[in-house]
Amino acid sequence: MASIAVRSEQESSERLLAGDIRALRKARGLTLAEIGLRLGRSVGWVSQVERGLSIPSLGDLRAFADLFGVPVSLFFSHDVPIEKERGVVVRAGNRRRLGTSDSGLVEELLSPDLGGSFEMLRSVFAPGAELKTEARRPTEEAGYVASGTFDIEISGVWHRLAEGDSFRFDGKPFRWRNPGAEPAVVIWVVSPPVY
């Protein structure tokens with residue numbers, strides 16, 4: 001009986017991984033053929049990975065992470081101990097962490113997976129952290145400052161936000177910084193998902 005439960009949990013994690021890879025490919029506007037070419041793999045293999053029929057090796061996961069511009073840690077921590085909560089609930093202790101404190105930004109995926117039309121993140125910006133180079137994504141983004149002070153530049157205009165303030169922009173260039181002495185916590189929503 002225990003081996004059936006372990007196998008079921010493993011299959012569930014494999015389905016979540018497959019869905020995340022498919023969602024990232026679609027969010028980047030890439031075809032199966034383009035992914036296969038960039039990874040040096042066949043289109044059939046990429047398709048099987050996306051359908052959960054082939055399990056990528058750790059090296060393959062690193063290659064996917066590099067290709068999509070995400071940390072390899074995104075592909076792990078799919079463990080949801082209660083079956084009925086898989087794909088629905090994310091418990092505080094089971095969030096997937098992205099980034100490191102060394103980078104000044106640590107994000108936690110609040111969404112159960114990357115398969116929906118948006119993703120929700122809890123972003124913690126260290127004091128003094130900043131995105132120096134302007135970023136621009138083909139996404140609609142919104143955020144809510146849960147604590148701290150947070151500056152965001154949207155299309156060349158800086159906005160200073162405090163706890164309780166929020167923002168939204170669509171496909172515009174942006175930068176951010178934490179000018180305060182305390183971490184800034186921002187709940188960030190991105191559509192379509194980019195992680």
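Brief remarks follow.
- Residue in the stretch 39-62 that is modelled with pLDDT of 75 or more, within 30 Å of residue 130 (Cα to Cα) and over 14 Å from the mean Cα position of the chain (by Cα) present: yes
- Among the residues making up the stretch 131-185, none is in contact with a Leu (Cβ under 9 Å, 6 or more places away or on another chain), over 18 Å from residue 104 (Cα atoms) and charged (D, E, K, R).
- Test for residue 117: is it in contact (Cβ under 8 Å) with a residue 12 or more places away in the chain, under 16 Å from the mean Cα position of the chain (by Cα) and surrounded by fewer than 16 Cβ atoms within 10 Å (Cβ to Cβ): yes
- Where strands (runs of 3 or more DSSP E) fall wholly inside the stretch 89-152, the ranges with 1 or more residues that are aromatic (Phe, Trp, Tyr) are 119-125, 140-147.
- Hits in the stretch 168-195 (condition: in a strand (DSSP E or B), among the hydrophobic types (A, V, I, L, M, F, W, C) and more than 30 Å from residue 21 (Cβ to Cβ)): 184
- Identity of the residue in the stretch 125-170, at pLDDT 95 or above and among the β-branched types (Val, Ile, Thr), that ends up farthest from residue 90 (Cα to Cα): 157
- Residue 141 fulfils the conditions (1) within 18 Å of the chain's Cα centre (by Cα); (2) surrounded by fewer than 13 Cβ atoms within 10 Å (Cβ to Cβ) except for a single criterion, (2).
- Subset of the stretch 63-88 [at pLDDT 80 or above, exposed (fewer than 14 other Cβ atoms within 10 Å of the Cβ) and in a helix (DSSP H, G or I)]: 66, 84
The values are calculated or read from the model by the stated rules, or taken from the named source; none is laboratory data. Since this is a predicted model, take the numbers as computed values, not measurements. Neighbour counts are summed over all protein chains in view; Cβ atoms, including those assigned to glycine, are modelled from backbone coordinates with ideal geometry.
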